[in-house]
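A short write-up of the structure that comes next.
The values are calculated or read from the model by the stated rules, or taken from the named source; none is laboratory data. Everything numeric in this text was worked out from a predicted model, so none of it was measured. Positions of Cβ are generated from backbone atoms using ideal geometry, with glycine treated the same way; all protein chains shown enter the neighbour counts. Areas reflect the complete protein model, heavy atoms only, side chains present, ligands, DNA and RNA absent. Shrake-Rupley method; radii C 1.70, N 1.55, O 1.52, S 1.80 Å.
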Amino acid sequence: DWSSDVCSSDLMPASPTPLPEGYPDELPAVELREWTRENYAMAFGLKLGEGQTEFVAENTASLAQAHFHEEARPLGLFAGDLAVGFVMLSVEDVDKGVVWIWRFMIGAQHQRKGFGRQAVGAILEHARGMEGVETVKLCHVDKPGHPGPFYESLGFTYTGELEDGERIMSLDLKD
């Protein structure tokens, strides 16, 4: 019986991952890792902060969507063995020199600890390693509390364009 191999407890973490000793200051820098059969349940344990659900989809929805969109590249954001966030890139426009940050989130319990800045730095390094990519773009909902100021502080600028009603921001990797 195929169902005996997988239990629902295998899919959802029973409780949040305990924070490691030295958290957050002594953890290694954030790096991107593939989600695998062994670690993808950690993505489910990363929850958005209060009021953030109108800005980004839950990770479960993003992983499901990635299954049906060949241009999607869902990646984990890890500080050592601790999953601190989730990013989904879109490589649909790589032939035009652009990679999109389609989804980006840092788990609520890990926010305001520097992981977001480290994560964007790791994403930009990853993009620099992609052949022909010169620009990273993203878009965000234009509502109070939006992440635009965070991205501006990292060098992204508004293009003046909209994507499905969301404001597009861009960062030139050649600068």
Can you find, within the stretch 156-167, the residue that is farthest from Q52 (Cα to Cα) among those that are open to solvent by less than 60 Å² (accessible area, probe 1.4 Å) and outside any loop (DSSP other than H, G, I, E, B)? T159
Please determine whether any residue of the stretch 56-78 is touching a residue at least 60 places away in the same chain (Cβ under 8 Å), part of a strand (DSSP E or B) and open to solvent by less than 20 Å² (accessible area, probe 1.4 Å). no
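Can you tell which of A29, A41 is of a type outside the set (S, T, N, Q), modelled with pLDDT of 90 or more, more than 30 Å from D142 (Cβ to Cβ) and surrounded by fewer than 15 Cβ atoms within 10 Å (Cβ to Cβ)?
A29
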Qualifying positions in the stretch 1-26 - of a type in the set (D, E) and at pLDDT below 65: D1, D5, D10
Test: I101 is at pLDDT 95 or above, out of contact with any Ser or Thr (no Cβ under 7 Å at 6 or more places or on another chain) and under 21 Å from G165 (Cβ atoms): yes
Could you check E26 against (1) in contact with a Gly (Cβ under 6 Å, 6 or more places away or on another chain); (2) not in a strand (DSSP E or B) and say which number it fails? (1)
So which residues in the stretch 85-111 are small (G, A, S) and surrounded by fewer than 20 Cβ atoms within 10 Å (Cβ to Cβ), if there are any at all? S90, G97, A108
Looking only at the stretch 112-155, count every residue that is open to solvent by less than 30 Å² (accessible area, probe 1.4 Å), within 20 Å of L32 (Cα to Cα) and either among the small types (G, A, S) or assigned to a loop (DSSP other than H, G, I, E, B) (or both) and tell me the total. 5
Single residue of the stretch 72-124 satisfying the filter (out of contact with any Phe, Trp or Tyr (no Cβ under 8 Å at 6 or more places or on another chain) and acidic (D, E)) that is farthest from L173 (Cα to Cα): D81
